[in-house]
Amino acid sequence: MLIYNDGKIDILSLLPNELEEQLLALGEKKFRAKQIFNWLHVKRVQSFDDMTNLSVQLRNLLKEKFCLKSLFIAKRLESNTDNTVKYLYRLNDGNHIESVIMEYSYGNTICVSTQVGCKMGCRFCASTIAGYKRSLTASEILLQIYESERDSGRKISGVVLMGIGEPLDNFENVVDFLRLLSDENGTNMSLRHVSVSTCGIVPRIYELAELKLGITLSISLHASNNQARSEIMPINDRYDINELLTACRHYFKVTGRRISFEYALIDGHNDSRKDAEELADLLKNFVCHVNIIPVNKIKERNYRSDRKSANRFRQYLEDLGINATVRRTLGADIDAACGQLRREYEI
Ligand code: SAH
């Protein structure tokens, strides 16, 4: 998809075939598109002038037609308890987003944002509090990886779309991002190492299934009945648990990929044995995994939970034959844990 910024095309968001079309239209040969793609996505240059195997004339032409977006590090916070690093990035238009690098035994994973703010209004999530501004372009999602790798010197081997925003509310740009990230002439990341998390925009789950991208789909379920889910997630009034799980079954049937269900545990709301039984009933016959997250406190809300309740709930589920783990909390000292990302730096 073409994105224009001040009349210029956002070159980093172009898929290889789109870049080729653009270059052909400028009277250039096909192979130039490959060279440029390599400069952008492998060497990751930050200016057209760095593309030294192109003539000065062509570089000038590129500058006229295209823009090369960048991210500025407004703040970097490093955890004292683990190797988590949180970046606050300023976008070219002055908006801010956050990304977090987390270290696991198998490598570094980055949690990226997909929108500036979020419209979904989940009650326990800090990303939603300042409201929604806009969706990110594919390039702005990619640049979170490029810039974080550059700054930290750490190689990133996995990506989770679990930062600020609802990925499936920015469907086209997210899909372009996934195609660019996995392009064999670019970063060439296997999409098996990428998780897309959604609060449950059902029609988009069907669309995503058809694309057979190989990603892991994470569903933010967080409750085992419609009443409890609607109380904390407004999206449930639009697409209820039954519709959501039907879409998930379809997704598994088409892609063969096991689904991961996220369950933010809230004391007194969704943590009883009865809740576990209801959840086990919903998920029976599902090839899935439940990830229990003790809800992280955000200052605007009174929700709480702890590791003890999470372990107890996990045990309930295990006893009922459901595969479950308790999510490790990383970067808690720098507000980098799930749902704590927020934008309060806008000038
Ligand atoms: N919009 C997407 C992705 C962003 S949030 C989604 O809803 O899935 C990533 C995960 O963190 C989601 O499962 C979300 O529900 C969860 N989350 C948000 N706030 C949280 C909090 N305070 N404590 C624990 N998990 C939270």
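The values are calculated or read from the model by the stated rules, or taken from the named source; none is laboratory data. The shown structure was predicted, so the numbers you read here are calculated from the model rather than taken from an experiment. Note that each Cβ is placed from the backbone with ideal geometry, even for glycine, and that neighbours are counted across all protein chains shown.
Comparison of K29, K8, K63, K34 shows that the only residue that is over 23 Å from E147 (Cα atoms) and of a type outside the set (S, T, N, Q) is K29. With respect to the conditions (1) within 16 Å of the ligand (Cβ to nearest atom); (2) more than 13 Å from the chain's Cα centre (by Cα); (3) surrounded by 19 or more Cβ atoms within 10 Å (Cβ to Cβ), V159 falls short on a single one, namely (2). Scanning segment 254-280 for residues that are surrounded by fewer than 22 Cβ atoms within 10 Å (Cβ to Cβ), in contact (Cβ under 8 Å) with a residue 24 or more places away in the chain and over 21 Å from the mean Cα position of the chain (by Cα) yields V254, D267, H269, D271, R273, D275, E277, E278, A280.
Surrounded by fewer than 15 Cβ atoms within 10 Å (Cβ to Cβ), outside any helix (DSSP H, G or I) and of a type outside the set (K, R): does that describe E300? Yes; evaluated as a whole, the condition is true for this residue.
If a residue counts only when it is within 28 Å of L19 (Cβ to Cβ) and among the basic types (K, R), which strands (runs of 3 or more DSSP E) contained entirely in segment 42-146 have at least 1 such residues? Before you say what the answer is, go through the steps one by one.
Values: elements: 72-78, 85-90, 96-104, 107-111, 115-117, 132-135.
Fully inside segment 42-146 and qualifying: 85-90, 132-135.
Determine whether E98 is out of contact with any helix residue (DSSP H, G or I) (no Cβ under 7 Å at 6 or more places or on another chain) and buried (at least 24 other Cβ atoms within 10 Å of the Cβ).
Criteria met by E98.
Criterion applied to L330, L282, L341 was being at negative phi and more than 16 Å from the ligand (Cβ to nearest atom), and the one residue passing it is L282. Could you list all residues from segment 218-238 that are assigned to a helix (DSSP H, G or I) and either of a type in the set (S, T, Y) or surrounded by fewer than 20 Cβ atoms within 10 Å (Cβ to Cβ) (or both)? Correct list: N226, Q227, A228, S230, E231, D237, R238.
Set side by side, the residues T137, T109 differ, and just one is among the polar types (S, T, N, Q), farther than 23 Å from A332 by Cβ, more than 9 Å from the ligand (Cβ to nearest atom) and modelled with pLDDT of 95 or more, which is T137. Only a single criterion out of (1) surrounded by fewer than 19 Cβ atoms within 10 Å (Cβ to Cβ); (2) closer than 26 Å to I110 by Cα is not satisfied by S305, namely (1). Picking from residues in segment 6-28 that are in contact (Cβ under 8 Å) with a residue 12 or more places away in the chain and not in a helix (DSSP H, G or I), the one that is nearest to E140 (Cα to Cα) is D10.
Could you check how many residues of segment 167-176 are over 8 Å from the mean Cα position of the chain (by Cα) and within 14 Å of the ligand (Cβ to nearest atom)?
Residues of segment 167-176 that are over 8 Å from the mean Cα position of the chain (by Cα), as a first pass: 168-176.
With within 14 Å of the ligand (Cβ to nearest atom) added as a condition, the list becomes 168-171, 174.
Here the count works out to 5.
Out of S309, S260, one residue alone is within 14 Å of the ligand (Cβ to nearest atom), farther than 16 Å from N225 by Cβ, hydroxyl-bearing (S, T, Y) and touching a His at 6+ places or on another chain (Cβ under 6 Å). It is S260. For first residues located in segment 297-324 and without any contact (Cβ under 8 Å) to a residue 60 or more places away in the chain, partners that are assigned to a loop (DSSP other than H, G, I, E, B) and of a type in the set (F, W, Y) and lie 6+ apart or on another chain with Cβ distances below 9 Å form the pairs K297/Y303; I322/F286. Within segment 195-217, does at least one residue satisfy the condition of being part of a helix (DSSP H, G or I), away from the ligand (no atom under 15 Å from the Cβ) and crowded, with 19+ Cβ neighbours inside 10 Å? Yes, segment 195-217 contains a residue that is part of a helix (DSSP H, G or I), away from the ligand (no atom under 15 Å from the Cβ) and crowded, with 19+ Cβ neighbours inside 10 Å. In this structure, R123 qualifies as in contact (Cβ under 8 Å) with a residue 24 or more places away in the chain, among the charged types (D, E, K, R) and closer than 21 Å to E262 by Cβ.
Yes/no per residue for (1) surrounded by 19 or more Cβ atoms within 10 Å (Cβ to Cβ); (2) among the β-branched types (V, I, T):
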| residue | (1), (2) |
| --- | --- |
| E18 | no, no |
| L24 | no, no |
| H41 | yes, no |
| V45 | no, yes |
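The C-beta contact set for segment 148-174 (first residue free of Cβ contacts under 8 Å to residues at least 60 places away in the same chain, second residue aliphatic (A, V, I, L, M) and in a strand (DSSP E or B), distance under 6 angstrom, 6+ apart or interchain) comprises E149/I156; I156/I110; V159/I110; V159/V194; L161/V196; P167/L161; P167/V196.
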